[in-house]
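For reference, the structure discussed in these notes is given below.
The values are calculated or read from the model by the stated rules, or taken from the named source; none is laboratory data. Treat the numbers as computed from the prediction; the structure is a model and nothing was measured. We work out accessible area using only protein heavy atoms, side chains counted, and drop any ligands, DNA or RNA first. Shrake-Rupley method; radii C 1.70, N 1.55, O 1.52, S 1.80 Å.
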Amino acid sequence: MSGRHTQRGMVLLAVLWAIALCAALAMATSTTFRSLAGIVRIDRERVQSDGLLTAGLEAAAGIVAALRDAPPAERTTTLTFATGSVQLTISDEGGRIDIGKAPVELLASLLRYVGAEDDDAGIVAQRIVALRDIAGQARASDAQPRPGDAAKPSAPGTPDQPAAAPAPAPFTDIGQIADIPGMQPQWMAAMAPLITVFGSDGVNPLTAPVAVLRALPSFDTEHLDAFLDMRSSPFVDPERLSFLLGPAQKYLKVPQTHVVAVDLVAGTTGGYTAAARAFIVLLPDDKQPYRVLAWTPISRFARTGVVASLEAR
């Protein structure tokens, strides 16, 4: 009898161990499935946010195209979809100061406007010009055809001639001047909403923010209100408008082609957020509806900085 009880006890113990093992496997499987479901949900939210950002960019291009020849004044629009919403803000890069093309006196005036002393502003402005000369030469050298490259055939009936390529811009991002000796972080932060690498050697008077206008050399503050009132007219004459700013008008210029900045902030119905900044251009008679010059996804942790930048503009 004793042996039989012992055998039954061992069987019971084995059954209990089997049950415990099955329970552990069930718990592990449940945890794995929950983790997998979480990963799938995050991936789905990410895909939806990417779709919202793309929809916002397409809408921004449509808004710019509808303007035709009108200046792309800054505007903010929110679009709502079944998967979430996207806020888009468009603004004209031509209304900002191009650090790659602006004359040194304009750069120095900008630095003084953001807090630099006269001497420091002049020195840093000269260093920006020196850096962009070096960067421009380097990029131009990279763009030169290498020996042995096949020449592109000419159009029928025309002699073979090398095509004249546009000179590459010296800077590709405004952050490239942040490490210039003498540049202070607070100056760079204040300048960021006012500068660009997609503008021209002048500032578009039809779209320039007030802060950019105030940063112009010899800016005439007495006529600012009259300038803004005239600019709001639908039939404004850019030459008469520029004349109101006196000596500062030499730094104003209406570009032929508008590069537009598009700031996007998307949020899904599940609470996932994403942000991006893009620069687009619409070219006449182009085979594409618009071209993306740059696309920069922005971390969700930097979203507050994006919103602050939009408010500063």
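In order along the stretch 256-272, the phi-based Karplus estimate (6.51 cos²θ - 1.76 cosθ + 1.60, θ = phi - 60°) of 3J(HN,Hα) comes to 6, 10, 9, 9, 10, 8, 10, 9, 10, 10, 10, x, 8, 5, x, x, 7 Hz; Gly and Pro are listed as x. For the stretch 181-263, the percent of C-alpha pairs falling in each 10 Å distance bin, counted from 0 to the bin holding the largest distance, reads 15, 47, 30, 7, 1. Residues Glu117, Glu45, Glu74, Glu239, sorted by accessible area with the largest first, give Glu239, Glu117, Glu74, Glu45 [1.4 Å probe; ligands and nucleic acids excluded]. Largest accessible area first, the listed residues Phe81, Phe243 line up as Phe243, Phe81 when surface is computed with a 1.4 Å probe on the assembled protein chains. For the stretch 177-312, the relative contact order comes to 18 percent (Cα pairs under 8 Å, sequence separation of at least 6). What the Cα convex hull of the stretch 169-313 gives, in volume per residue, is 169 Å³.
Check the straight Cα-Cα distances from Lys101 and name the aspartates and glutamates below 12 Å, setting aside those fewer than 8 residues away within the same chain. Lys101 reaches Asp133, Asp201. Residues whose amide H comes within less than 5 Å of that of His258, counting only those at least five positions distant or on another chain, are Leu282 (H built at 1.01 Å from N in the peptide plane).
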